[in-house]
Amino acid sequence: MPWISKNSAGNAVEKRAEPYLTPQMRSHLSQHIVPRYEQKMGALLPCLHEIQHAYGWIPGQAMLEIAEFLAIKPAEVIDTASFYEEYWLKRKGKHLVSVCRSIACEFCGQPGITQAVKDALGIDVGETTDDNEFTLIELECLGSCGSAPAILIDETLHENVKPEQIAGLLDAARKAGAHH
Amino acid sequence: MPFPPINPNLSGPVLTQRIPCWPYADPKGRHIVSYEEYTRPGPHGAGYESLRKAIGMKPDAVTEEVKKSVLRGRGGAGFPTGLKWTFLPKLKTSEAGQEDDPGQRYLAINADESEPGTFKDRLLMDFDPHLMLEGIAICCYACRIKTAYIFIRGEYHHQAKVLENALREAYANGIFGGNGLLNGANTARGGAFKVDCYVHRGAGAYICGEETGLLEALEGKRGWPRIKPPFPAIKGLFGKPTIINNVETLAHLPSIIHHGAEWFMKQGKVSTFPNTPPSHGTKLMGVSGHVNRPGVFELELGITLRQLIEDPGLCAGMRNGKKFKGAIAGGISMGILGPDQMDAEMDFDIGRKNNVLGLGTACPTVFDEDTDMVAVARNIARFFKHESCGQCTPCREGSGWLYQLLTRIEGGDGRTKDLDLALEIATSMGSMPGTTICGLADGNNWAVRTIMNKYRSEFEKRVKPTSVAVKMTVGAGAR
């Protein structure tokens, strides 16, 4: 019932002494990325990508730092960050397994692929394994409809996947180490 | 039954001249085309020579050539590209022949290919990025644009890296940046003309493929489409005149400039309707689903869906010898072509002739006789529910209700009246102009409505009479 307001998480931000937006990131962004845009806010998506890539998610403190860096309001940062699916505002596992569930994939065997990942990891869609290694999600079209079904593990796309290949692919990702 | 020859007016591929594609070559031989390889002479001129030819012409002459060729946008709407360019504010020329400073203008390249079923731009970005970059340079010169952003979807990690590398090569060879196009070569406009080009990665939102949603994302905001007018050509990115073109559209420019508009107009076909722009040129058609050889083919517009699916040089028939049941016309928002519409011609008239929304991206997804069409409708409704940006009420609420209804029907808990309710939503949601800002709801409507109308009996078999009490599986009263 939407009219009964729930006590939400509040607006306190978990802080740590060390900044998420490191001096190296700041100098790279201010030299190469920010000058590309007429208004500083144009660099917001690249900044969020930078944090997401480095930490695997976007902590609240990082959003505050980006706001200060781009001279915009924190509310503007969270407004944008919360819109886009690829930005994780909560922690996820070290590796992200994304199964495409769109039209071509679903009718060319995606349900079997999702099931194989679920069985291999012992989790449901949207969950993270207990050892914090893998998070499984289903997402819309990965743009490989001609080679369906497709699965994206971290930043590597695997096409024409068969359920029996899943265990091997997951092992390879685990061995490759943390990669966001 | 023998089929007419593939691409009768061409001796070989144009856009895919360096990318092996059936029926010309085995896709196994694909590789990333480097700057050095791109600049070798070929049947459509050496790479970046078309740009040299373009800057030897007045910018307006380039625009005129593109306008004359009636190159129609390859992103889905099919709007004539040259005409779009002429919507930019006009510039005055002084008596000495010097043109006014155009000020800051932008080109946004729409590489946010998120429509399910569509994977054609990806091919160009994967293997031949310089073709698009040359098109970008030509467009920027013709429209006096100094900054171009390639907006590529977040999921295309590999393609973004390929593009970054190609841009580095292009900058190193003086195409972009530095003193101006082609190492500061003198242009017919007077002096050198400098263009900068950057890659801007999206972050997983289908709505950013809508042109004004894309501009919002470039400005660092939520990808919420803007109300038009003002149109982007007048007031776009950061409030400046902006042109938005699809990757494939830009990739057509080098060959049009090299051969001239007449060459382009020999391909494809003219419209059979009065006062309707023709469908000239080739189109990348990506076929997915239940065919023997799915993939991207470069074909002249006007080829029939039957030939595309059955020609041994193309898709080589339905998988496992099954019968054809239907095909999404070109990206899921275009609606479905039924079993009796296999002879539909794939050109920009397809919508008017076959009662679908349009050609879209010309990337059909083909279904065989075993496909559950209720599940297809549910999958499509889920996609639109997921991707509705939430700005306009009819789309935000309607797409959710449509998905819930179809899930219920698929699960066997639907009632007869649910069919009428679903159809009513799929007819009214955002259909009246002005009730939604962009066309997302309309795409949802066309897809669901055409499936429900063409495969009505399948839906009827799944539902119970309205008088029977059914279990609530979705919505507020769910288990």
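The values are calculated or read from the model by the stated rules, or taken from the named source; none is laboratory data. All of these numbers come straight from a predicted model, not from anything done at the bench. Positions of Cβ are generated from backbone atoms using ideal geometry, with glycine treated the same way; all protein chains shown enter the neighbour counts. Note: areas computed on protein heavy atoms with side chains; ligands, DNA, RNA excluded. Shrake-Rupley method; radii C 1.70, N 1.55, O 1.52, S 1.80 Å.
Interface between chains A and B: roughly 3800 Å² of accessible area buried, both sides summed (probe 1.4 Å, protein heavy atoms only). Its alpha carbons considered, the range B:218-360 gives a radius of gyration followed by a Dmax of 18.2, 55 Å.
Compactness of chain B, taken as the C-alpha radius of gyration over 2.2 N^0.38 Å, stands at 1.01.
By the compact-protein rule of thumb, 2.2 N^0.38 Å, the alpha-carbon radius of gyration of the range B:262-309 corresponds to a ratio of 1.34. Against the empirical curve 2.2 N^0.38 Å, the C-alpha radius of gyration of the range A:15-83 lands at a ratio of 1.00.
Protein heavy-atom surface of the protein assembly as shown, 1.4 angstrom probe: 53% of the accessible area is carbon and sulfur, with nucleic acids and ligands not counted.
The alpha carbons of the protein assembly as shown stretch over 82, 74, 50 Å along the principal axes, in descending order.
The alpha-carbon atoms of the range B:277-368, seen along their principal axes, cover 39, 23, 19 angstrom, with the largest extent given first. Geometric descriptor of the range B:314-412, per residue, is 122 Å³ (volume of the convex hull of the Cα atoms). For chain B, the mean residue ellipticity at 222 nm estimated from helices alone is -10500 deg cm²/dmol, where every DSSP H run of n ≥ 4 contributes -39500 (n - 2.57) and the total is divided by all residues, rounded to the nearest 500. For the range A:95-178, the Cα gyration tensor yields ellipsoid semi-axes of 20, 13, 11 Å (square root of five times each eigenvalue, largest first, whole Å).
Look at the stretch B:238-250: the mean tally of other chain Cβ atoms within 10 Å of its residues' Cβ atoms is 1. Counting only Cα atoms, the range B:49-134 measures 53, 27, 26 Å along its principal axes, largest extent leading. Largest first and in whole Å, the equivalent-ellipsoid semi-axes of chain A read 33, 20, 17, each the square root of five times a Cα gyration tensor eigenvalue. Sorting the Cα pairs of the range B:125-185 by distance into bins of 10 Å, from 0 upward, gives 22, 54, 22, 2 percent per bin. Taken over the range B:324-366, the percentage of Cα pairs per 5 Å bin, counting from 0 up to the bin with the maximum distance, is 6, 30, 40, 22, 3. The alpha carbons of the range B:351-476 give a radius of gyration and a Dmax of 14.5, 43 Å, in that order.
The trypsin sites (Lys or Arg not before Pro) found in the range A:71-168 that occupy coil by DSSP, while having at most 10 further C-beta atoms within 10 Å, are A:Lys90. Simple spin-label estimate for B:Ala172 and B:Ala188 gives 3.3 nm between the two label positions (7 Å along the Cα-to-Cβ direction from each Cα).
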